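J.: Can you read through this structure? Questions will come right after.
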Amino acid sequence: MNKRIMFEPALGIETVVRPAVSGDRTTCVTFKATILLTEWSQLQRSLGVQCVLELWTNVSAREGEMGWRAIPFEESTSNVADAMDDEKKKFHVSTEVACPTRPGAPPVRFGYTFRVRGSKMTWLGNERNNGAIVVDSKPFWDNSVRKGKVVGVMHPNGKWRA
């Protein structure tokens with residue numbers, strides 16, 4: 001069944017994320033899933049019309065908090081008309097992830113897999129091919145690696161100042 005649903009990030013890989021700037025306590029991770037409409041219909045017939053695609057993870061928005069939980073995917077909608085998309089069902093789920101707050105702290109590692117909850121539970125991964133989210137303490141916008149001359153500053157209100 002897991003070959004029918006395409007996930008981003010996929011199972012069996014490690015995805016490294018970083019806070020946007022130094023001091024951020026959380027960062028957002030979005031998971032996406034795509035399945036052909038015909039295969040989604042088959043899944044609903046076998047597991048029940050109310051089947052739900054879920055992210056199963058120990059990702060936490062609080063530093064030091066652990067524990068596995070289910071987060072249901074939501075159906076994605078697109079404003080762009082695409083004939084190929086008419087044949088697919090798309091889902092997404094976003095979750096906040098705690099960032100290491102001490103400079104130079106070791107990365108924090110979380111696990112994830114996917115499941116379909118319906119008349120029975122169908123796991124799409126196992127201990128050997130679960131995915132990992134690794135949260136690095138080094139921010140994406142790190143002043144220590146800036147090269148060149150500063151030409152301006154983008155302020156939180158969206159204004160640019162040279």
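Any read-out appearing in this document is the output of simple, stated calculations on the displayed coordinates, not a laboratory observation. Fair warning: this is a prediction, and the values are worked out from it, not measured in the lab. When we count neighbours, we look across all protein chains shown, and the Cβ atoms used for this are built from the backbone with ideal geometry, even at glycine.
J.: Label points 7 Å out from Cα along the Cβ direction at Ile71 and Leu37: separation in nm?
T.: It is 2.9 nm.
J.: I would also like to ask the following. Between Ala132 and Gln50, take the C-beta separation as r, use R0 = 22 Å, and let me know the FRET efficiency to the nearest 0.05.
T.: 0.15
J.: Under 13 Å from a label point 7 Å along Cα→Cβ of Met6: give me every residue in segment 35-74 with its amide N that close.
T.: Of the residues in segment 35-74, 35-37 have backbone N under 13 Å from the label point off Met6.
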